[in-house]
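What follows is a short report on a single structure.
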């Protein structure tokens, strides 16, 4: 018996990069024909992903029923931002990235990490230099005053390292995508917080100011620099 079903011509095979774009388009629209989502097509799409300055794009695979969805790694977004802004950068591992960014008062070192189990992105900015124990009470008081003035993140005092650290984080549950705008905001918030905390800390340690005077002076200096810019 003759098969009366229409026989469609096979299209010309596309490149791996085109396959990746086609598959990404299917993901974004939610139309996922299971027959087309073989493991081979997934692997081809990953292999066709673009690289940035020789760095591979790390991805996290999440299994939903029998379908594999490939989602961008959040640290890839920070890597692209670092390339665009000219930040010094080092990819320690798939889940850890270090950046050096210029602030108003110093060069700040930012550590970013991704916890795939908790699906949480973490940012740390640690000030260089130790805070001697004789000043730790004043620094803790200063941290409280600074945190009252922050719109995102917060400062902590790490007793073990005797250092002042800014921390921020973001939960990205169920493969939620992380945008460039979110990455830029996290970096901007960290720099803004450091430009308050770093000079205030120096005023307490080296100018013998009270925490109240130190934060007031630091805020005035930050405002003056913004006006000058």
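Residues 90, 119, arranged from fewest to most other Cβ atoms within 10 angstrom of their Cβ, appear as 90, 119.
Give me the percent of Cα-Cα pairs in segment 151-223 that sit more than 16 Å apart, rounded to a whole number.
Details: 1557 of 2628 pairs.
So the pairs more than 16 Å apart make up 59 percent of the total in segment 151-223.
Legend: ranking of residues 186, 209, 164 from fewest to most surrounding C-beta atoms inside 10 Å; resulting order 209, 186, 164. Computed log10 I(q)/I(0) for segment 74-228 at 0.10, 0.11, 0.18 Å⁻¹: -0.37, -0.45, -1.08, from the Debye equation with unit scatterers placed on every C-alpha and solvent omitted. Ranked for footprinting exposure by Cβ neighbours inside 10 Å, fewest first, 157, 203 give 157, 203. For residue 152 and residue 117, a Förster radius of 30 Å and the Cβ-Cβ distance give a FRET efficiency of 0.80, rounded to the nearest 0.05.
A short reminder: the numbers here are calculations on the coordinates, not readings from a lab. Values in this document were obtained by computation on a predicted structure and should not be read as measured data. Methodologically, a virtual Cβ is constructed for each residue, glycine included, from the backbone with ideal geometry; neighbour enumeration extends over all protein chains shown.
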